[in-house]
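Enquirer: The structure that follows is given in the form of C-alpha cells.
The values are calculated or read from the model by the stated rules, or taken from the named source; none is laboratory data. Worth saying up front: this structure is predicted, and the values here are computed from it rather than measured. Here the Cβ positions follow ideal geometry from the backbone for every residue, glycine too, while neighbour counts run over all protein chains shown.
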Amino acid sequence: MKVCGFSIIRNAQKYDYPILAAIQSVLPLVDKFILLVGASDDETLEMVSSISDKVEIHHSVWDDTLRKGGRVLAVETDKAFQLIPKAYDWVIYIQADEVLHEKDYDVIRNAMLQNVSRKDVDGLLLNYLHFYGSYDYIATSSNWYRKEIRIIKNNKKIFSYRDAQGFRKQPNEILKVVPIDATVYHYGWVKPPEKMQKKVFDFQKLWHDNDWIAQKFESNGDFDYSGIDSLTRFEGSHPMAIQGRIQEKNWIFEFDITKEKLSFKEKIKRWVESKTGWRPGEYKNYRVISDKL
C-alpha cells in the first residue's frame, strides 16, 4: 500500500498559517507529500522548501477572479491532486490550518489497509475539532461541521467540491466513506488578532468584490473574537506538530463558557441532538457505508 499526502498554500507567513505543522503531522503516514505553492507576497516558498525529503514542491498562480463560492481553492486543490502519480493507493489531504494527532496514526493506517481493496469505498471520514480564539477553546455551535473527508482513494474522478471543504466524484456524486475514530485539529481561527483580521478581510476577495467587502469589513486593527456564540474548554492534548507554535502564542483570549449567545433555532437544534443524537440541518457531503473500524 502506497500513500501520498498533499496540500496547497499561499501567503503562509502573511496570514500566519501553521503549514509546517500541518505537513509534519502527515509525513509519518505517507511515502511522499505534494505541496502546491501559490505565488505569494511573502517568503512562503523559502519557509517550506526544506521541510523534508518526502515533500515535493510545485508552483502555481491562483486565479483570484474565481470568486463564486471560493472556487479558486477547489481549483488549486484539484491541481495538486492531479500531480499525484497513479502508483499511490491512498491520498491524505490536509489544509494549511489542519493538523493530525500522532495518537491516531495507527487507526488511520489500519483503516487504509482494511479498505484499500474495497471498490465500494471512496474515502475515510474523520472527526473535527475547531479551535477558536486560542488553543484552549473549541467551537460547539451547529455552524461548525463535525466530520469531513480527508483521506481518499487515488481516483482521478474525484474532485474538490465548492470551496475545497470536501470532495465529490464525477459527474457529481457524493463519496462513499467509512468513518474512523481519528480527528482533524482545525486551527484556522487561532491566530494573533491582527493576523486574523487581515486574513478575514483579504479572504473575502475569494467570494465577493471589493465594494461589498469595503462596506462590511475593516482591513486593519484586531479581530474581535468575543462575538462567538458558544465555546467549551479543550481538555485533551494537542498534536506534537503544533506544540512549538502553542508555546509561542503571544495574545490572550478568555471566554466565559457559561454565557452562551445562542439563537432560539440553535437551542432547538441542541435539544433535538441531546435527545436523539441527530443534528437537524447538518451538512453532509458524503454517504456513510459502514460503521467505525
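Okay, residues lined up against (1) modelled with pLDDT of 95 or more; (2) under 21 Å from D97 (Cβ atoms); (3) surrounded by 14 or more Cβ atoms within 10 Å (Cβ to Cβ):
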| site | (1), (2), (3) |
| --- | --- |
| L206 | no, yes, yes |
| D211 | no, no, no |
| N220 | no, no, no |
| Q243 | yes, yes, no |
| W278 | no, no, no |
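Enquirer: Are there strands (runs of 3 or more DSSP E) fully within segment 29-122 with at least 3 residues that are within 23 Å of N285 (Cα to Cα)? List them.
Expert: Result: 90-93, 98-100.
Enquirer: Any residue in segment 1-26 that is aromatic (F, W, Y) sitting within a Cβ distance under 7 Å of a residue that is crowded, with 20+ Cβ neighbours inside 10 Å and in a strand (DSSP E or B)? List the pairs, counting only those 6 or more apart or interchain.
Expert: Every condition considered, the pairs that remain are F6/F33; F6/I34; F6/V91; F6/Y93; Y17/I9.
Enquirer: Kindly indicate whether any position in segment 188-197 is under 14 Å from G133 (Cα atoms), within 22 Å of the chain's Cα centre (by Cα) and aromatic (F, W, Y).
Expert: Taking every residue of segment 188-197 in turn, at least one turns out to be under 14 Å from G133 (Cα atoms), within 22 Å of the chain's Cα centre (by Cα) and aromatic (F, W, Y).
Enquirer: Continuing with this model, one more query. Select from segment 14-51 the residues that are more than 19 Å from the chain's Cα centre (by Cα) and either over 25 Å from K191 (Cα atoms) or of a type in the set (F, W, Y) (or both) and write down the one among them that is surrounded by the most Cβ atoms within 10 Å (Cβ to Cβ).
Expert: For segment 14-51, the residue satisfying everything is K32.
Enquirer: Among the residues of segment 199-209, count how many are more than 12 Å from Q13 (Cα to Cα) and assigned to a helix (DSSP H, G or I).
Expert: So the answer is 7.
Enquirer: Residue check: is A164 more than 22 Å from E76 (Cβ to Cβ), among the aliphatic types (A, V, I, L, M) and in contact with a helix residue (DSSP H, G or I) (Cβ under 7 Å, 6 or more places away or on another chain)?
Expert: For A164, the condition - more than 22 Å from E76 (Cβ to Cβ), among the aliphatic types (A, V, I, L, M) and in contact with a helix residue (DSSP H, G or I) (Cβ under 7 Å, 6 or more places away or on another chain) - is not met.
Enquirer: May I pose another question? Within the set of pairs 6+ apart or on separate chains, which have a first residue in segment 255-278 that is closer than 11 Å to S141 by Cα, a second that is assigned to a helix (DSSP H, G or I), and C-beta atoms under 8 Å apart?
Expert: Hits for this filter: L262/R270.
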